[in-house]
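Reading through the structure tokens given below for one structure.
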There are 2 protein chains.
Amino acid sequence: MSVHCQKCPLRRRPAFKQLTEDELSFMDSFKMGELHVDAGAPVILEGSNSPHFYTVLRGAGMRDKGLADGRRQVVNFIFPGDLVGLQSGLLGEMKHGVEAVSDMALCVFSRERLWELFRQHPERAYDVTWLAATEERSLGEALLSVGRRAAKERIAQLLIYMLRRAVESGFTKDEARMRFPFRQQDLADAAGLSSVHTNKTLQALRRQGMIRLDAGELEILKPAALGELAEYSEPVDPPGRPLL
Amino acid sequence: MSVHCQKCPLRRRPAFKQLTEDELSFMDSFKMGELHVDAGAPVILEGSNSPHFYTVLRGAGMRDKGLADGRRQVVNFIFPGDLVGLQSGLLGEMKHGVEAVSDMALCVFSRERLWELFRQHPERAYDVTWLAATEERSLGEALLSVGRRAAKERIAQLLIYMLRRAVESGFTKDEARMRFPFRQQDLADAAGLSSVHTNKTLQALRRQGMIRLDAGELEILKPAALGELAEYSEPVDPPGRPLL
DNA sequence: CGGAGGATTGAGAATCTTCAATAAACGTGG
DNA sequence: CCACGTTTATTGAAGATTCTCAATCCTCCG
């Protein structure tokens, strides 16, 4: 029993762009069903060529890439509203995997109908492109972090980013606090650090009273100081984020 | 005196998707003119909000991001056929800059007419999205490199990638060799390494007879060995790359 | 209660950085 | 065509950040 787009709880959030009744009913017809994935399980395998792509309805996850010897890079974290699996829809093969970090629910779309969307709903097509460009922007930011920032700056940047995404997407109600189902290893793999050094860096941030991170919860205690450390600039996405 | 799309030399290359006469004449009307930029000069400034976006016609460049204290990350290298400045067209502001490494020529498009393209030419809109997704894929690959690969592997990966792009885009005729206008500092900023260490890494690759890099030219002498080092997998982009 | 996965800690080792100096390459004007 | 200034490449050495190893602790769960 999957949720109809017309009464999708996500769409009620102000962070997302509102659609007209007509658009909603098209999206509803576009939606094939829902996928529910347990925490820790893969949503999409790297290298796969799935006939579906998805919008995250509930829960958080991550995109990651692996090397043959087990080294892993987390490419981005995923929150409600994110479009996932577009690569296989457009390019034929996923070059990163997606896994659930908490239990997730995703709306399922058929890649075959993507073309129909482009032809019949240019506004939705524009939205897809908007999301792709935004994802590219995030990866650019991550690349700058991993390539040029020191460990403490990277972790600061990541935590701020994750909290912002969590707030915008409604993953958390609180402005400064969120449920944090990620492991330190996940942070490490996103920051390009070892888990040991990530742990020590987190300790340092705690000692400075910048953050709290325990019992599966993250709180940013000194947003200004942490933001300065990360040299973080709020991206200005004036209109609501599109939601497929 | 700018080139008409109908007789664009780039389009003749097999690597690019062919358009019909109708499509070509639309693209030609879409094209506002040409921009010529000298080597070393900026094409787009980070943080700018330009009314234009571009397709690279000739020459090579790079996308980069900077931090306040001067640290810089090269986010990607740019070759003919690449779409540049789409971020400002879609999202309102460039989060990376673009600079010319050799003299460049670019076709100029108006961001205002991007919407018209989406509405009236869904196939071209699809192409734009394809290009955005491909760019995202490249950044993911770069992120994996910088985050998890050792220096030698990173440089190997970069050189292979650059040569492949150069070949596909027609920047070079040769399969194993290219004109190489980039500085070691640029490689370093792309790999997330210091220029000193980049230099020493290049020496090591030379000593192993893997590459030749001098006199502004790069040659890959042992593609198999270098590819294995980089754990490089050829991306399969079966149909031609779209060219706006 | 026992086990498993994750967090934490300490210590030694490695990769990579920074500093600083020299050499080579390149472009420009005479 | 040469001298000269500027940029880029190269090299050595010392130092720092970050990594690996390995042990311990903790928490959660069946």
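Values computed for the structure shown
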{"item": "Subset of segment B:1-22 that is under 13 Å from B:PRO239 (Cβ atoms) and open to solvent by less than 100 Å² (accessible area, probe 1.4 Å) - its residue that is farthest from the chain's Cα centre (by Cα)", "result": "B:LEU19"}
{"item": "Residue match in segment A:161-178 (condition: farther than 27 Å from A:ASP127 by Cβ, in contact with a Lys or Arg (Cβ under 7 Å, 6 or more places away or on another chain) and among the basic types (Lys, Arg))", "result": "no"}
{"item": "Residues of segment B:190-228 satisfying the condition of being away from DNA strand C (no atom under 13 Å from the Cβ), open to solvent by 20 Å² or more (accessible area, probe 1.4 Å) and more than 19 Å from the chain's Cα centre (by Cα)", "result": "B:ARG206, B:ARG207, B:GLN208, B:GLY209, B:ARG212, B:LEU221, B:LYS222, B:PRO223, B:ALA224, B:ALA225, B:GLU228"}
{"item": "Residue in segment A:169-183 that is in contact (Cβ under 8 Å) with a residue 24 or more places away in the chain and part of a helix (DSSP H, G or I) present", "result": "yes"}
{"item": "Given (1) more than 9 Å from chain B (Cβ to nearest Cβ); (2) more than 30 Å from B:ARG154 (Cα to Cα), index of the condition A:VAL128 fails", "result": "(1)"}
{"item": "Selection status of A:ARG241, within 16 Å of DNA strand D (Cβ to nearest atom), of a type outside the set (Asp, Glu) and either at pLDDT below 95 or not assigned by TED's automatic domain parsing to the domain that holds A:LYS65 (or both)", "result": "no"}
{"item": "Test for A:GLU93: is it under 28 Å from A:ALA190 (Cβ atoms), of a type in the set (Asp, Glu) and at the interface with chain B (Cβ under 9 Å from one of its Cβ atoms)", "result": "yes"}
{"item": "Number of the exception - B:LEU117 against (1) open to solvent by 10 Å² or more (accessible area, probe 1.4 Å); (2) within 14 Å of chain A (Cβ to nearest Cβ); (3) touching a residue at least 12 places away in the same chain (Cβ under 8 Å); (4) not aromatic (Phe, Trp, Tyr)", "result": "(1)"}
{"item": "Selected residue [among the small types (Gly, Ala, Ser), at pLDDT 95 or above, open to solvent by less than 10 Å² (accessible area, probe 1.4 Å) and assigned by TED's automatic domain parsing to the domain that holds B:MET210] from B:ALA100, B:ALA166, B:ALA105", "result": "B:ALA166"}
{"item": "Some residue of segment A:162-184 being more than 10 Å from DNA strand D (Cβ to nearest atom) and within 14 Å of chain B (Cβ to nearest Cβ)", "result": "no"}
{"item": "Members of segment A:139-152 that are open to solvent by 20 Å² or more (accessible area, probe 1.4 Å), facing chain B (nearest Cβ under 9 Å) and in contact (Cβ under 8 Å) with a residue 24 or more places away in the chain", "result": "A:ALA142"}
{"item": "Scan of segment A:69-89 for residues that are crowded, with 22+ Cβ neighbours inside 10 Å and within 9 Å of chain B (Cβ to nearest Cβ), ordered by number", "result": "A:GLN73, A:VAL74, A:VAL75, A:ASN76, A:LEU86, A:GLN87, A:GLY89"}
{"item": "Search result, residues across segment B:176-203 that are farther than 20 Å from B:ALA142 by Cα and in contact with a helix residue (DSSP H, G or I) (Cβ under 6 Å, 6 or more places away or on another chain)", "result": "B:MET178"}
{"item": "Residues of segment B:64-85 that turn out to be touching a helix residue (DSSP H, G or I) at 6+ places or on another chain (Cβ under 8 Å) and in a strand (DSSP E or B), as a count", "result": "9"}
{"item": "Selection status of B:PHE180, touching a Gly at 6+ places or on another chain (Cβ under 6 Å) and either within 15 Å of DNA strand C (Cβ to nearest atom) or under 25 Å from B:LEU243 (Cα atoms) (or both)", "result": "yes"}
{"item": "Condition check for B:ASN49: open to solvent by 30 Å² or more (accessible area, probe 1.4 Å), polar (S, T, N, Q), outside the structural domain of B:THR172 (by TED's automatic domain parsing) and in contact with a helix residue (DSSP H, G or I) (Cβ under 8 Å, 6 or more places away or on another chain)", "result": "yes"}
{"item": "Qualifying residue in segment B:162-174 (condition: within 14 Å of DNA strand C (Cβ to nearest atom) and touching a helix residue (DSSP H, G or I) at 6+ places or on another chain (Cβ under 6 Å))", "result": "no"}
{"item": "Count of segment A:127-138 residues which are in contact (Cβ under 8 Å) with a residue 24 or more places away in the chain and either acidic (Asp, Glu) or within 14 Å of DNA strand C (Cβ to nearest atom) (or both)", "result": "2"}
{"item": "Filtered residue count, segment A:194-212, keeping only those that are within 13 Å of DNA strand D (Cβ to nearest atom) and under 21 Å from A:ARG164 (Cβ atoms)", "result": "4"}
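The values are calculated or read from the model by the stated rules, or taken from the named source; none is laboratory data. All figures in this text were calculated on a predicted structure; none of them were measured in a lab. As a convention, Cβ positions derive from the backbone with ideal geometry for all residues, glycine included, and neighbour counts pool all protein chains shown. These accessible areas exclude ligands, DNA and RNA; they are computed on the full protein's heavy atoms, side chains included. Shrake-Rupley method; radii C 1.70, N 1.55, O 1.52, S 1.80 Å.
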